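Asks: First, the structure itself, so that you have it in front of you.
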Amino acid sequence: MAQLWGGRFTKPTDEKVYAFNASVNFDKRMLKQDVCGSIAHSAMLAKQGIISEEDGKAIEEGLKGIYADVVSGKLVITNQYEDIHSFCEAVLTERIGDAGKRLHTGRSRNDQVALDMRMYVRGEVCIADALLDKLLVTILDIMKANTKTFMPGFTHLQKAQPVTLAHHMGAYFEMFKRDRKRLHDIYTRMNECPLGSGALAGTTYPLDREFTAKKLGFDKATDNSMDSVSDRDYLIEFLDALSIIMMHMSRSCEEIITWNTNEYRFVEIDDAYSTGSSIMPQKKNPDIAELIRGKTGRVYGSLMGLLTTMKGLPLAYNKDMQEDKEGAFDAMDTACSCLDLYEGMLRSMKFNNEIMEKSAAGGFTNATDAADYLVGKGIPFRDAHSVVGRMVLECIDKGITIDEMSLDDLKKLSSVIGEDFYEAVSIETCVLKRSTKGAPGPDAMADEIAGCEKFISETKALADPLDDFLN
Ligand code: ARG
């Protein structure tokens, strides 16, 4: 057991208590953040004359060595240490002696862990942002290739009105676009540095908090030391953003699963993204889409877990807050791997355009347009609605579509119907004439696609300031 305290204790910690209290098993993934944070802190201590320049240098070199050795496998983080912070300090002191013991001057593990977690999350926000960017490019490619691919649009999972595949995919573009914007908002709001807040009340040492903040790529130092060590809002916001991303993917996966069935056959998931059955040789299952849908619940669970953990906590730091990590790490790993696989599945998926178009022509998706035709001939909309209702009933009876009705039969329903009716209710017309902003008509869709392109080219990738901190 290597822990950073013990002076006031008369006997060692019970072994089970030690194991229960320790977090190194899961917080070891914050090694890089811990090393960078400590390097910034010691550089500041040296600059302020709180430790010597030599000690500052020795600490920096020592920490870089520890990082390199863990990465190369020479040094292993074992559970003989309480947490990643204890590990770094203990090994550093073993390696460089007293200078290592000076590192924690003017610092508490409370502001240290607040800093490490914030920087870890900041890095994950950047990773999720890059994955979303790639996904948006893939969706836009599908849109551009399918502005004339007609398909039924659904409400209540019933065929409603004809749209295009570009239009349908454009809805997902909007969702994932908002998701990216949310990540950018979160990044901006969270990018304040808690280091230098101490246990909760700051310190009497003349720390330069803006110096460490800047060194670690933050916009500024946080404003209240008690809030700094007990704030996990940024993490809750990120888990919320990830939950929404998962919800968007899950909705799309649900559609893909349906569209991939023998009954629909709108799409075919690529072999590389499908799986087989151990008993039924004919099966090709959409497991990846189902898993993404399934894992959504787990990400929501992490969000709910942390909200619940935080709800009764008095200020400032409480050990409950160590529980912010496992669920959050799991949610980040899950959401990022889902984003990656979802993008690959979409990119390789085959759309059966002919089947979609045939389906768009069935199910009376042009009924609204038939009513609008009658309105154009001077019939009030409510009456037109009723005439077309009877038209549909007759079609169902005869097993035909609206445009397969004879002009004589149509005229019996309404004398204003003429030869031009057929053109007016063709699927092409139904889509092409929908030209309001945001609709599937060609001009509206061209505008929408231009907007998507603009978003992709103008939205800067979020960068993790720690990417080249140790170089
Ligand atoms: N492992 C702890 C955590 O993750 C570090 C902070 C410990 N602070 C304390 N006062 N015990 O929250």
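Asks: Once the Cβ-Cβ distance between Ser415 and Asp447 is put in as r, and R0 is 25 Å, what FRET efficiency do you end up with, to the nearest 0.05?
Replies: E between Ser415 and Asp447, to the nearest 0.05, is 0.05.
Asks: Leaving out ligands and nucleic acids, and using a 1.4 Å probe, what accessible area per residue does the stretch 156-201 come to in Å²?
Replies: 40 Å²
Asks: First compute the accessible area of the chain with a 1.4 Å probe, then give the percent of it belonging to carbon and sulfur atoms.
Replies: The value for the chain is 52 percent carbon and sulfur by accessible area.
Asks: Quick check: Cα centre of the stretch 60-125 to Cα centre of the stretch 442-458, how many Å?
Replies: If you average the Cα positions of each part, the centres end up 47 Å apart.
Asks: May I ask which of Lys148/Lys412; Lys311/Lys460; Lys11/Lys101; Lys295/Lys460; Lys284/Lys398; Lys159/Lys411 have a Cα-Cα span longer than 32 Å here?
Replies: The answer is Lys148/Lys412; Lys311/Lys460; Lys284/Lys398.
Asks: Per DSSP H run of n ≥ 4, the term is -39500 (n - 2.57); total these for the chain, divide by its residue number, and report the mean residue ellipticity at 222 nm rounded to 500 deg cm²/dmol.
Replies: Mean residue ellipticity, 222 nm, calculated: -20000 deg cm²/dmol.
Asks: Can you tell me the orientation of helix 233-259 relative to the chain, as the angle in degrees between its alpha-carbon axis and the longest Cα principal axis, to the nearest 10?
Replies: It works out to around 30 degrees.
Asks: Need one number: nm distance between label points at Asn262 and Asp98, each 7 Å from Cα along Cα→Cβ, rounded to one decimal.
Replies: About 8.1 nm separates the two model spin labels.
Asks: A follow-up question, please. Can you work out ³J(HN,Hα) from phi for every residue in the stretch 399-408, in order, using Karplus 6.51 cos²θ - 1.76 cosθ + 1.60 and θ = phi - 60°, giving whole Hz and x for Gly and Pro?
Replies: Running phi through 6.51 cos²θ - 1.76 cosθ + 1.60 with θ = phi - 60° gives x, 10, 9, 4, 6, 8, 6, 6, 4, 4 Hz.
Asks: In addition: What does DSSP give for the chain in terms of the percent of beta bridges that are antiparallel, rounded to the nearest 5?
Replies: 75 percent
Asks: Provide the packing ranking of 448-461, 80-93, i.e. peptides ordered by the mean count of other C-beta atoms within 10 Å per residue, highest first.
Replies: Top to bottom by mean Cβ count within 10 Å: 80-93, 448-461.
Asks: For Ser406 and Thr436, compute 0.36 nm times the residue count separating them, minus their Cα-Cα distance, and round to one decimal in nm.
Replies: Gain on extension, Ser406 to Thr436, equals 7.6 nm.
Asks: Here's another thing I want to ask about it. Treating the angle as unsigned and between 0 and 90°, give the value, to the nearest 10°, between the Cα long axis of helix 165-190 and the longest Cα principal axis of the chain.
Replies: Roughly 20 degrees between the two axes.
Asks: What list of ³J(HN,Hα) couplings, whole Hz, do you get for the stretch 27-42 from phi and the Karplus terms 6.51, -1.76, 1.60, once you set θ to phi - 60° and write x for glycine and proline?
Replies: 8, 5, 6, 9, 3, 4, 4, 5, 5, 4, x, 5, 5, 5, 5, 5
Asks: For the stretch 347-471, what does the accessible surface come to per residue with a 1.4 Å probe? Please give it in Å².
Replies: Per-residue value: 56 Å².
Asks: Collect residues whose amide H, placed 1.01 Å from N in the peptide plane, falls under 5 Å from the amide H of Ala221; neighbours closer than 5 in sequence don't count.
Replies: Cys193
Asks: Give the long-range amide H neighbours of Met151: residues separated by 5 or more places, or on another chain, with amide H under 5 Å away, using H modelled in the peptide plane at 1.01 Å from N.
Replies: Val163, Thr164, Leu165
Asks: With every protein chain in place, what's the accessible area of Ile279 (1.4 Å probe, Å², nearest 10)?
Replies: 130 Å²
The values are calculated or read from the model by the stated rules, or taken from the named source; none is laboratory data. Predicted model, so just to flag it, every value in this text is computed and none were measured. A quick note on method: Cβ atoms are made from the backbone with ideal geometry, for glycine too, and the neighbour counts reach across all protein chains shown. Side chains included, ligands, DNA and RNA excluded: accessible areas come from the protein's heavy atoms. Shrake-Rupley method; radii C 1.70, N 1.55, O 1.52, S 1.80 Å.
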